[in-house]
Structure formats: C-alpha cells, structure tokens
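Asks: Next up is a structure, given as structure tokens.
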Amino acid sequence: MAELHAEVAQEVTGLQAEITAALQGLESMDEDDPQYAAAFARLVQAGTALLEYEAQVPDRLEQPHLEVSTKSFTVALWAHTACAVLLGVAAGVGWINGGWTLLALAQLIGTSVLYTAGNKPMPGKHRQLRHAAAALGIASVAVPLLTFGVLAWWVWLLPLVCWAAGYGLASEASGADARKAKA
C-alpha cells in the first residue's frame, strides 16, 4: 500500500512539474507572441492531465481493499456451499434426518443468490462485502450445530438474521437496489 501511495505521489509531482514548466514558458512570453497560444494550450493540457489523474486516485487507492473484500466474500460463499453440501451428505448417510436435505438445497440456492447480489461491488461500498462474509460465516457455523442438535432450537433466528443481513449487505455493496430503482 505504501508503494501505491509513493507511486501516486511521484506521478502527481511529475504532472505538477509539467504545469510549472508550461507556466514558466508562458510567463517568459508576451501575449502577442505567435507561440503564446501553443504555450497556453500546453499549460491547459498539463492542468487537465493532473485533474484527470487526481480524479482516478481514490479508485486506485481503493483497489487493493476492494480485492480483499471481494476475495473474503468469495471464500465465505465457498465455505457456505461446502457446509450445505456436507449437510446434504450427512442427511444422505443417515447421521441426521433426511428432511435436512431441503435445508441444504435452500442453502445452495441462497448461496447463488448471495453471489449474484454481491457480484460487482460499487466503488466505496466494498466494505459491506466483508460484513456480508462475516454474517455468512456465522450462518455456516450455526446451521450444522443446529441440525445436529448442539444448539437450542430458538437459535435458528441467528442463521435467518445472518442470511438476511448478508443478502442486504451484498445488495447494498453492488448497488442492486439503486440499479432497480433507476430501471
């Protein structure tokens, strides 16, 4: 991250030096000079280049964090999928009632819905994916504990709240609600 900050600072310094050079060239000329318009255009072009670069800086600085958020959400989805598959296997082997296979199927469908909801996070909203991953992780741990009877029945509220929160956070991160409202 420090390398990225140094790279940005170096690029800004270079662009500012171009502006300074163009300005110095402009100051040494008279307004009636035929080269004045070209020198002024270089100054404007250098200033525009700096403004365009500075407009990109927040997205560049956020990119590593976005990648971490996306990766954590993806890992949580894979872990949730693995838990659902193992739940189905446990029901198939007879360790738990076969009716739990429906829950495993619902988890698999829910995982695909969550993946779609958090597929492409909007700039500045990627941190919600980290919270969605945490909620999904809690649900992934709670469901097997509940199905095997380790936790009390009323704890079923926990995975339900986690699934709803995970979907809401992933949808908010990708701006799905905003896109639907525009349509």
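Asks: Could you list, in sequence order, all residues of the range 21-43 that are loosely packed, with under 11 Cβ neighbours inside 10 Å and of a type in the set (Ser, Thr, Tyr)?
Replies: Ser28
Asks: I'd like to verify a number: residues in the range 120-132 that are open to solvent by 10 Å² or more (accessible area, probe 1.4 Å) and not in a loop (DSSP other than H, G, I, E, B), how many?
Replies: Qualifying residue count for the region: 4.
Asks: Still on this structure, I have one more. If only one of Ala117, Ala139, Ala91, Ala79 is open to solvent by less than 70 Å² (accessible area, probe 1.4 Å) and more than 24 Å from the chain's Cα centre (by Cα), which one is it?
Replies: From the options Ala117, Ala139, Ala91, Ala79, the qualifying one is Ala91.
Asks: Can I ask one more? Here are Gly92, Gly98, Gly47: which of them is of a type in the set (Gly, Ala, Ser) and not in a helix (DSSP H, G or I)?
Replies: Exactly one residue qualifies, and that residue is Gly98.
The values are calculated or read from the model by the stated rules, or taken from the named source; none is laboratory data. This is a predicted model, so every value here is computed, not measured. With ideal geometry, Cβ positions are generated from the backbone for all residues, glycine too; neighbour counts draw on all protein chains shown. Side chains included, ligands, DNA and RNA excluded: accessible areas come from the protein's heavy atoms. Shrake-Rupley method; radii C 1.70, N 1.55, O 1.52, S 1.80 Å.
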